[in-house]
Amino acid sequence: MTNPLLSDWDTPFELPPFAEISDDDFAPAMDAALAEGRKNIAAIVANPEAPTFANTIEALEQASDLLGRVASVFYVIAGADSNATREGLMRDFSPKLSAYSSDLFSNAGLFARIKSVWDARETLDLTDEQQRVLFLTHRRFVRMGAELSGDDSDALRDVMARLSMLGTSFTQNLLADERDWAMPLDKDGLEGLPDFVVATARAAGEEKAAGGPVVTLSRSLIVPFLQFSPRRDLRQKAYEAWVARGANGGETDNRALAAETLALREKRAKLLGYDTFASYKLETEMAGTPDAVRDLLNAVWTPAKAAAEADAKVLERMLHADGWDGPLEAWDWRYYSEIRRKTEHDLDEAALKPYLQLDRMIAAAFACANRLFGLEFEAIEGPIYHPDVRLFEVTRNGAHVAVFMGDYFARGSKRSGAWCTTLRDQQKLSGDIRPHVVNVCNFAKPEAGKPALLSYDDARTLFHEFGHALHQMLSDVTYESISGTSVARDFVELPSQLFEHWLEVPEVLAEFATHAETGEPMPEDMLERMLAAATYDMGFSTVEYVASAMVDLAFHDGPAPADPMQKQAEVLEQMGLPHAIRMRHATPHFAHVFAGDGYSSGYYSYMWSEVMDADAFATFEEIGDPFDETTAKRLEETVLSSGGSVDAAELYKEFRGRLPGVEALLKGRGLDTAA
């Protein structure tokens with residue numbers, strides 16, 4: 001029988017034929033794809049013709065096409081709908097993919113051809129985009145060790161292989177801890193919870209066959225439970241389980257994996273000639289240096305901490321008024337903050353959520369994309385990997401632009417968080433290839449027949465991930481290696497965080513924030529109160545984020561700590577982290593940093609991008625029209641369509657005319673007046 005992963009796909013828009021693919025197909029398909037990639041690379045090296053951009057750089061761009069296709073399908077499914085077999089395959093594939101990468105970047109014959117083209121670049125008639133691809137290709141090979149030889153080359157290969165295994169194990173341990181913990185709720189445990197939390201707990205209990213409602217470690221359930229449960233004992237139990245993910249001892253404990261990862265990253269950096277891993281990693285980012293990152297985080301930390309400490313005093317007085325002695329604890333903050341928000345802003349999330357229906361918020365995101373960029377979205381039938389997935393064709397002026405998949409609901413087989421990925425990237429080298437873009441979220445799934453309701457933070461997450469999706473959809477480059485979100489890590493969050501601003505546009509909410517039962521629009525006074533409260537508790541959220549970013553930077557900007565947990569404690573003590581606030585992501589479950597290399601030394605990048613997104617949206621505000629056609633067109637032509645074809649700082653300056661300062665960020669977070 002033919003392996004469907006290795007066949008041509010006679011499906012709508014050449015989507016993967018998910019129903020025909022079994023778990024047994026992945027291993028042979030991966031082996032075949034690796035073999036084909038190696039064969040293609042060998043052919044480039046053996047080419048008797050002199051190296052040219054076409055026969056070396058462009059050939060390399062296409063050499064691993066089949067591998068990319070197989071890996072994309074597998075990792076989309078493995079991340080969003082895992083099972084024991086797929087977890088085993090991830091462990092099997094990790095060393096194979098690492099070996100393939102090491103063989104590629106240590107291939108002396110291949111690098112000699114790349115260097116030959118690089119050295120001759122001034123004499124070649126290359127387009128600006130080709131010059132950029134050549135620069136990035138040569139730099140990538142150098143930074144991956146192509147100039148190393150002998151023992152150093154072998155050592156780097158071993159380091160990369162082990163890091164790949166560690167990242168996979170970290171991810172699977174975290175998923176296991178999240179999947180295996182649940183806290184049953186009896187009648188007393190349900191007391192005081194809004195209907196939407198009770199419904200979510202019941203749905204979670206049904207999924208786990210628990211015989212009744214439960215609290216799980218899914219953010220979409222545990223956060224509202226911490227916000228609304230008056231049972232302090234249950235809040236503490238749930239919170240401590242949540243922050244203990246990856247640190248429970250036994251086979252799923254991530255602390256030793258984190259220590260080994262940091263040591264190997266330091267070794268990697270030194271093999272490549274850098275003092276620290278942070279110096280190596282940040283060299284290619286907009287920030288450039290660890291000091292630049294530290295300066296940004298410190299500039300935000302001081303006013304954020306002041307705001308959080310002032311808030312903590314208010315919340316602690318509320319705790320004492322309830323008859324509890326002692327300090328405000330981390331499991332108290334969300335509960336008393338929610339009460340305070342209701343009092344000070346007359347804003348009750350339980351009353352707010354019926355106006356933030358998932359379907360209406362999806363429609364709002366689509367409508368904003370239509371008004372800004374002329375995109376249209378039509379629900380279509382086609383192959384999907386899970387029944388919850390929704391499928392849309394994206395067009396503009398009748399022409400096909402992309403396929404968009406939305407996978408919105410939490411389930412035990414899905415890793416936590418929210419992300420955007422692709423099954424196929426935009427490029428033109430192999431024809432006019434349009435992307436297949438996937439947004440994955442973890443919103444609470446409603447009971448059968450009931451509408452899915454979002455918190456305001458959930459709605460922001462939906463817009464955020466859709467901003468990433470737009471970056472992929474609107475990409476207009478020739479080469480896949482610079483397509484869509486293939487940009488500097490501290491630039492990649494700009495389109496996503498910028499798009500969040502359109503959720504706050506009153507006319508958008510006035511149209512799409514409609515009640516789930518009555519269909520009535522959100523009352524104007526409620527809408528005004530909701531927007532006025534947009535920066536409520538921003539001291540808390542900023543402090544927990546900056547604490548995580550500072551620990552990430554400290555881990556990588558110096559000798560690797562033998563005990564990361566001790567180092568984490570030292571950094572937080574030095575910062576003066578308020579007692580009732582924890583890191584957003586403690587080390588044992590800091591997947592951004594330890595599940596892979598993407599955000600290592602780079603968790604700061606959300607804030608770096610926020611400096612730009614606050615300033616970028618001000619462009620529309622200064623004009624007085626959030627949907628100004630000329631500004632939207634310039635945004636697409638510079639930031640959204642260019643991918644990595646131009647340096648990130650140059651792209652931003654082309655859009656805005658200058659680089660921004662931190663002032664717009666502080667103002668946007670309501671911290672510009674913090675004492």
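Got a number for residues in segment 261-289 being out of contact with any helix residue (DSSP H, G or I) (no Cβ under 6 Å at 6 or more places or on another chain) and charged (D, E, K, R)?
Qualifying residue count, segment 261-289: 4.
Restricting to segment 316-349, give me the number of residues that are more than 22 Å from Leu671 (Cβ to Cβ), under 26 Å from the mean Cα position of the chain (by Cα) and either open to solvent by less than 20 Å² (accessible area, probe 1.4 Å) or of a type in the set (Gly, Ala, Ser) (or both).
Qualifying residue count for the region: 1.
Consider Asp125 carefully, then state whether it is surrounded by fewer than 16 Cβ atoms within 10 Å (Cβ to Cβ), over 30 Å from the mean Cα position of the chain (by Cα) and not in a helix (DSSP H, G or I). Explain how you work it out, then say what you get.
Working: surrounded by fewer than 16 Cβ atoms within 10 Å (Cβ to Cβ): yes; over 30 Å from the mean Cα position of the chain (by Cα): yes; not in a helix (DSSP H, G or I): yes.
Against the criterion (surrounded by fewer than 16 Cβ atoms within 10 Å (Cβ to Cβ), over 30 Å from the mean Cα position of the chain (by Cα) and not in a helix (DSSP H, G or I)), Asp125 qualifies.
In segment 57-82, how many residues are of a type outside the set (Val, Ile, Thr) and more than 22 Å from the chain's Cα centre (by Cα)?
Of the residues in that region, 10 qualify.
Could you pull out the residue among Ala201, Ala256 that is out of contact with any helix residue (DSSP H, G or I) (no Cβ under 8 Å at 6 or more places or on another chain) and among the hydrophobic types (A, V, I, L, M, F, W, C)?
Being out of contact with any helix residue (DSSP H, G or I) (no Cβ under 8 Å at 6 or more places or on another chain) and among the hydrophobic types (A, V, I, L, M, F, W, C) holds for just one of Ala201, Ala256, which is Ala256.
Just to be sure I understand the filter: pairs with C-beta atoms under 8 Å, separated by 6 or more residues or on different chains, first member in segment 376-399 and touching a residue at least 40 places away in the same chain (Cβ under 8 Å) and closer than 19 Å to Ser72 by Cα, second member among the aromatic types (Phe, Trp, Tyr) and open to solvent by 60 Å² or more (accessible area, probe 1.4 Å). Which pairs pass?
Going by the 8 Å Cβ cut-off, the qualifying pairs are Gly382/Phe13.
In this structure, does Asp346 turn out to be on the phi > 0 side of the Ramachandran plot and not polar (S, T, N, Q)?
yes
State yes or no: is Tyr274 farther than 16 Å from Val551 by Cβ, open to solvent by less than 30 Å² (accessible area, probe 1.4 Å) and of a type in the set (Phe, Trp, Tyr)? Step through it out loud before you land on a result.
Numbers: farther than 16 Å from Val551 by Cβ: yes; open to solvent by less than 30 Å² (accessible area, probe 1.4 Å): no; of a type in the set (Phe, Trp, Tyr): yes.
No.
For segment 330-365, name all the residues that are aliphatic (A, V, I, L, M) and within 27 Å of Leu234 (Cα to Cα).
Those that are aliphatic (A, V, I, L, M) and within 27 Å of Leu234 (Cα to Cα): Ala330, Ile339, Leu347, Ala350, Ala351, Leu352.
I'm trying to understand the selection: among the residues of segment 32-50, which are under 19 Å from Leu5 (Cα atoms) and without any contact (Cβ under 8 Å) to a residue 60 or more places away in the chain?
Those that are under 19 Å from Leu5 (Cα atoms) and without any contact (Cβ under 8 Å) to a residue 60 or more places away in the chain: Ala32, Ala33, Ala35, Glu36, Lys39, Asn40.
Report yes if Ser541 is of a type outside the set (Lys, Arg), in contact with a His (Cβ under 7 Å, 6 or more places away or on another chain), assigned to a helix (DSSP H, G or I) and closer than 21 Å to Glu240 by Cα, otherwise no.
no
Of Glu465, Glu511, Glu447, which residue is among the acidic types (Asp, Glu) and in a loop (DSSP other than H, G, I, E, B)? Spell out how you get there, then give the answer.
Details: Glu465 fails: in a loop (DSSP other than H, G, I, E, B); Glu511 fails: in a loop (DSSP other than H, G, I, E, B).
Going through Glu465, Glu511, Glu447 in turn, the sole match is Glu447.
Could you identify the single residue in Lys237, Lys267, Lys305, Lys313 that is charged (D, E, K, R), open to solvent by 20 Å² or more (accessible area, probe 1.4 Å) and within 26 Å of Phe105 (Cα to Cα)?
Lys267
Can Leu429 be described as open to solvent by 20 Å² or more (accessible area, probe 1.4 Å) and modelled with pLDDT of 95 or more? Don't jump to the end; show me each part of the working.
Working: open to solvent by 20 Å² or more (accessible area, probe 1.4 Å): yes; modelled with pLDDT of 95 or more: yes.
When the stated conditions are applied, Leu429 passes them.
Results for (1) open to solvent by 30 Å² or more (accessible area, probe 1.4 Å); (2) more than 24 Å from Asp291 (Cβ to Cβ); (3) free of Cβ contacts under 8 Å to residues at least 40 places away in the same chain, shown as yes or no for each residue.
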residue: Leu494; (1), (2), (3): no, no, no
residue: Val508; (1), (2), (3): no, yes, no
residue: Thr518; (1), (2), (3): yes, yes, yes
residue: Thr535; (1), (2), (3): yes, yes, no
residue: Ala554; (1), (2), (3): no, no, yes
residue: Pro561; (1), (2), (3): no, no, no
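Among the residues of segment 475-491, is there at least one that is under 14 Å from the mean Cα position of the chain (by Cα) and open to solvent by less than 10 Å² (accessible area, probe 1.4 Å)?
yes
Just one of the numbered conditions (1) surrounded by 17 or more Cβ atoms within 10 Å (Cβ to Cβ); (2) over 25 Å from Arg157 (Cα atoms) is not true of Leu110; which one?
(2)
Starting from segment 271-298, keep only residues that are closer than 24 Å to Leu148 by Cβ, then list their pairs with residues that are modelled with pLDDT under 95 and open to solvent by 30 Å² or more (accessible area, probe 1.4 Å) whose Cβ atoms are within a distance under 7 Å, requiring at least 6 positions of separation or different chains.
Between residues of segment 271-298 that are closer than 24 Å to Leu148 by Cβ and residues that are modelled with pLDDT under 95 and open to solvent by 30 Å² or more (accessible area, probe 1.4 Å), the close pairs are Glu285/Arg489.
Are any residues in segment 163-196 over 30 Å from Ser600 (Cβ atoms) and either modelled with pLDDT under 95 or exposed (fewer than 15 other Cβ atoms within 10 Å of the Cβ) (or both), and if so, which ones?
Hits for segment 163-196 are Pro184, Asp186, Lys187, Asp188, Glu191, Gly192, Pro194, Asp195, Phe196.
Within segment 38-47, identify whether any single residue is open to solvent by less than 30 Å² (accessible area, probe 1.4 Å) and either modelled with pLDDT under 95 or not β-branched (Val, Ile, Thr) (or both), and answer yes or no.
no
Restricting attention to segment 578-599, which residues are surrounded by 24 or more Cβ atoms within 10 Å (Cβ to Cβ), of a type outside the set (A, V, I, L, M) and more than 30 Å from Glu316 (Cα to Cα)?
Of everything in segment 578-599, just one residue is surrounded by 24 or more Cβ atoms within 10 Å (Cβ to Cβ), of a type outside the set (A, V, I, L, M) and more than 30 Å from Glu316 (Cα to Cα), namely Phe594.
Looking only at segment 138-160, filter to residues that are surrounded by 19 or more Cβ atoms within 10 Å (Cβ to Cβ) and under 26 Å from the mean Cα position of the chain (by Cα); which one of those is farthest from Val477 (Cα to Cα)?
Selected residue: Val159.
From the list Ser101, Ser82, exactly one residue is closer than 30 Å to Met405 by Cβ and not in a helix (DSSP H, G or I). Which is it?
Being closer than 30 Å to Met405 by Cβ and not in a helix (DSSP H, G or I) holds for just one of Ser101, Ser82, which is Ser82.
Can you tell me which residue in segment 654-669 is nearest to the chain's Cα centre (by Cα), limited to those that are basic (Lys, Arg) and surrounded by 14 or more Cβ atoms within 10 Å (Cβ to Cβ)?
The extreme case among them is Arg669.
For every residue, the table says whether it meets (1) in contact (Cβ under 8 Å) with a residue 40 or more places away in the chain; (2) closer than 24 Å to Asp291 by Cα; (3) not aromatic (Phe, Trp, Tyr).
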position: Ile581; (1), (2), (3): yes, no, yes
position: Ala586; (1), (2), (3): yes, yes, yes
position: Gly602; (1), (2), (3): yes, yes, yes
position: Ser609; (1), (2), (3): yes, yes, yes
position: Phe617; (1), (2), (3): yes, no, no
position: Glu622; (1), (2), (3): no, no, yes
position: Thr630; (1), (2), (3): no, no, yes
position: Lys633; (1), (2), (3): no, no, yes
position: Gly643; (1), (2), (3): yes, no, yes
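Please tell me if Leu226 is over 28 Å from Asp597 (Cα atoms), open to solvent by less than 60 Å² (accessible area, probe 1.4 Å), in contact (Cβ under 8 Å) with a residue 60 or more places away in the chain and not small (Gly, Ala, Ser).
yes
The values are calculated or read from the model by the stated rules, or taken from the named source; none is laboratory data. Note that the coordinates shown come from a computational prediction; the quantities given were computed from them, not determined experimentally. Cβ sites come from the backbone with ideal geometry, for glycine too, and all protein chains shown count toward neighbours. Accessible surface is based on the protein model in full, side chains and every heavy atom, while ligands, DNA and RNA are left aside. Shrake-Rupley method; radii C 1.70, N 1.55, O 1.52, S 1.80 Å.
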